[in-house]
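Structure, as structure tokens:
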């Protein structure tokens, strides 16, 4: 019985799904982190671990992996030849490396045209028309990822220091932030010295808590985030009939704040990124099988 | 003959001036970097090296240092007890550690009331009224230093990526930036991964080159910088008769862009930060001598 593997690799862990050629998942498994850009061998090990667990979950012998085709979605898969180097190291019959955004898009939209906006700790936008996909944004925390939780958190800390110095008017939100640092701006600076995007992102929920009660700082920061997200969405060139799915940790909180022209495109995602990887594998290797 | 030392310590080097109690400088010397926050012993060595060279420059025996009082201006001198710990390690009769901003302010304003804005790679603002000084901003690149060269440079790279993705309209300025990176956004991201504030600051001059010819990106970034600087100036509470000195590498380019109410306060600095340290030493230890 021919099977395919879909694999969704992320910075904290890696998930695999073993499925029939009809796309029915018969086993699932998880593995360690998959950071293709910083650790190629570690990524290979995590992918194999997740796949092995999926075979085991399905009650199948992992020896069958050599007869199984796989589609992997990994951040950084489109950088230089990293994707090719990884697939050459894998024990599957054929493997294809795609970007994490593409499997998320295919999971969310299936065969529909349209776009996704992943708004989590980072942000990235991808559109697909007539089978051609194009990603924008998502260049990372330092210079991009506008509208993301990490950027929102950093801007909140910045506003809180401005409020501490009397440069901007303090609000309940900036006071709540400063209290977390014992009202000592040097502690804020010390936090920032070692902060990674996810550390900044932990402050984003505070903005969403204070916005509904009309906190001016929360409103300003959130308006700016939504404006930046809409600028990116506008650049995607959505067409009549397209679907737009918001994904990521902030999706549910951003969606209701989009303006009407974008809201009109909103649709619930059909499946998650792992489902997208499975569907892409069925599509790719099912067609290959026919072609043979 | 009683003498005083003024010392201006910075991240790249340390300067000392040996002066009479009338404030006449009779010898100057330089030493290595003075990063009190990261290297206390190294800072002590650099300060002593600069002082020794100043004594030598004046044709005086460094043994006289034990009878000489000193005022030091150092970034971070106001953090915890770092200033006290440093002065306890110095061979001078008495030493006082002040912030780098305070000696810059005293150099620029002398005995006048007023304020300084240091706009260089970073930014910081300080006001003095009736002998009481207060600094705002200057909490560093990650969360503060608004209007600084490093922030301006980072925002320019951000705009260039947005232009590359078609999210914002590209202009001559963003095209000039992207060309420096062979029009490859991944090279921009790679640059950012290792960039320190001064690396970002190297892009600030491009903004000032393109603004006079009406480049919309340059105009927008520069307007934002000036607005942020003016917000900080407004929070200083300048009074009639105050002087305002703009200092730092971008001072000459920012000053003409300030709005009229702030321009009215502008004055040329009387002396540099080292001159301020000397003047503070004369003031402090001259008075002490009288009190004895």
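The values are calculated or read from the model by the stated rules, or taken from the named source; none is laboratory data. Just so it is clear, the structure is predicted and the values come from calculations on it, not from any experiment. Cβ: placed from backbone, ideal geometry, glycine included. Neighbour counts: every protein chain shown.
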Per the filter on segment B:105-127, residues over 30 Å from residue B:188 (Cβ atoms) and away from chain A (no Cβ under 14 Å) are B:105, B:106, B:107, B:108, B:109, B:110, B:111, B:112, B:113, B:114, B:116
Got a sec? Which of A:253, A:202 is more than 26 Å from residue B:141 (Cβ to Cβ), in contact with a helix residue (DSSP H, G or I) (Cβ under 8 Å, 6 or more places away or on another chain) and at pLDDT 95 or above? A:253
Residue B:9: passes all of (1) at pLDDT 95 or above; (2) buried (at least 17 other Cβ atoms within 10 Å of the Cβ); (3) in contact with a strand residue (DSSP E or B) (Cβ under 7 Å, 6 or more places away or on another chain) but (1)
So if I check each of B:70, B:101, which one is part of a helix (DSSP H, G or I), out of contact with any helix residue (DSSP H, G or I) (no Cβ under 6 Å at 6 or more places or on another chain) and on the phi < 0 side of the Ramachandran plot? B:101
Before we move on, is residue B:260 surrounded by fewer than 19 Cβ atoms within 10 Å (Cβ to Cβ), under 30 Å from residue A:164 (Cα atoms) and out of contact with any strand residue (DSSP E or B) (no Cβ under 7 Å at 6 or more places or on another chain)? yes
So residue B:206 passes all but one of these: (1) over 22 Å from residue B:116 (Cα atoms); (2) within 23 Å of the chain's Cα centre (by Cα); (3) within 13 Å of chain A (Cβ to nearest Cβ). Which condition number does it fail? (3)
Quick check: anything in segment A:27-42 outside the structural domain of residue A:242 (by TED's automatic domain parsing), under 19 Å from the mean Cα position of the chain (by Cα) and assigned to a helix (DSSP H, G or I)? no
Is there a residue in segment A:44-62 that is surrounded by fewer than 16 Cβ atoms within 10 Å (Cβ to Cβ) and within 19 Å of residue A:13 (Cα to Cα)? yes
Collect the residues in segment B:209-232 that are surrounded by 17 or more Cβ atoms within 10 Å (Cβ to Cβ) and over 26 Å from the mean Cα position of the chain (by Cα), keeping them in residue-number order. B:215, B:217
Segment B:1-26 - residue that is assigned to a loop (DSSP other than H, G, I, E, B) and under 20 Å from the mean Cα position of the chain (by Cα) and, of those, farthest from residue B:86 (Cα to Cα): B:12
Evaluation of residue A:240 against (1) surrounded by fewer than 17 Cβ atoms within 10 Å (Cβ to Cβ); (2) assigned to a loop (DSSP other than H, G, I, E, B); (3) within 14 Å of chain B (Cβ to nearest Cβ) (one fails), failing number: (3)
If I go through segment A:128-146 residue by residue, how many of them are within 14 Å of the chain's Cα centre (by Cα) and either assigned to a strand (DSSP E or B) or away from chain B (no Cβ under 11 Å) (or both)? 2
Any residue at all in segment A:110-120 that's over 13 Å from residue A:245 (Cα atoms), assigned to a strand (DSSP E or B) and in contact (Cβ under 8 Å) with a residue 60 or more places away in the chain? no
If residue B:62 passes every condition in (1) over 18 Å from residue B:107 (Cα atoms); (2) in contact (Cβ under 8 Å) with a residue 12 or more places away in the chain; (3) more than 20 Å from the chain's Cα centre (by Cα) but one, which one does it miss? (2)
Condition test on residue B:218, is it touching a residue at least 40 places away in the same chain (Cβ under 8 Å), more than 30 Å from residue A:79 (Cβ to Cβ), in a helix (DSSP H, G or I) and within 13 Å of chain A (Cβ to nearest Cβ)? no
Out of everything in segment B:168-195 that is in contact with a helix residue (DSSP H, G or I) (Cβ under 6 Å, 6 or more places away or on another chain), farther than 21 Å from residue A:76 by Cβ and not in a helix (DSSP H, G or I), what residue ends up being nearest to the other protein chains (Cβ to nearest Cβ)? B:168
